[in-house]
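Please read the structure below before turning to the comments.
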Amino acid sequence: MPIYLCYGFRRHRRSIRIFVILNDLDDAAPDWLSGPATSSATLSQLYLVFDFLPEPWAAVPGRGLHGAPPRVSNSMDDVLMNSRSVVKLLEEYDPEDLASQSRPYAQVADYVVQVYLSMNVVDERARYESRVEKMKDVWFENLRDQLQNGEEIRWYVSQ
């Protein structure tokens, strides 16, 4: 199972369920937000409801997030398949927990990178901070306030 480093906030499962119901997202499974049909339906609805979200990025065929060829095709990765969207959806996952149907949170992020052995986390954080400094936009804080007001935006490691 891939491991990701992301910058975002936790979204409570109850809030996810309410969003799916109120927006009549028939193809969405609120207990697995990063599934292909669920993430596609959820992201489409977020772009429809919140007009302050930046437009999705243009795809560069055959390239990963930072210009390097990806190790695994983004279309095969539940998290990275939506790499064009500025909003990323990740699940909390505990492979040791076989009793729970779902975890109490999912993550909503504006930056996600797959973690590999010997990856320089400090460089990734600097790359993110450099990008944010250039944009000087508060869209992500606005999204957090709309979806899960009061939740802290911070770095997470997610599986």
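Values quoted throughout were computed directly from the atomic coordinates according to the rules given, and no laboratory measurement underlies them. Predicted, not measured: the structure shown is a model, and the values here were computed from it. Using ideal geometry, Cβ is built from the backbone for each residue, glycine included, and neighbour counts are taken over all protein chains shown.
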In debye to the nearest 20, the charge dipole size for the chain, taken about the Cα centre with +1 at each Lys and Arg Cβ and -1 at each Asp and Glu Cβ, equals 340
Among 148, 101, 45, which one shows the biggest mean-square fluctuation in a GNM of the chain, springs joining Cα atoms closer than 10 Å?
101
Distances over 21 Å make up what percent of all Cα-Cα pairs in segment 96-159?
40
Tell me the net charge near residue 97. Cut-off is 15 Å between Cβ atoms, residue 97 excluded, with +1 for each Lys or Arg and -1 for each Asp or Glu.
-3
Given a Förster distance of 22 Å, the FRET efficiency implied by the Cβ-Cβ spacing of residue 121 and residue 50, rounded to the nearest 0.05, works out to 0.15
Using a Gaussian network model on the chain with a 10 Å cutoff between Cα atoms, which of 100, 39, 118 fluctuates the most?
118
Putting +1 on Lys and Arg Cβ atoms and -1 on Asp and Glu Cβ atoms, find which of 56, 158, 122 reaches farthest to the positive end of the dipole of the chain.
122
With the crude spin-label approximation of a point 7 Å out along Cα→Cβ, what separation in nm comes out for residue 154 versus residue 103?
1.5
Highest GNM mean-square fluctuation among 105, 47, 116, for the chain with Cα springs under 10 Å, belongs to 116
Tell me the net charge near residue 137. Cut-off is 15 Å between Cβ atoms, residue 137 excluded, with +1 for each Lys or Arg and -1 for each Asp or Glu.
-3
Relative contact order (%) - the chain, alpha-carbon pairs under 8 angstrom, separation at least six
42
Taking every pair of alpha-carbon atoms in the chain, give the share separated by more than 22 Å as a whole percent.
40
Once you list every other residue whose beta carbon is under 15 Å from the beta carbon of residue 20, what net charge do they have if Lys and Arg are +1 and Asp and Glu are -1?
-1
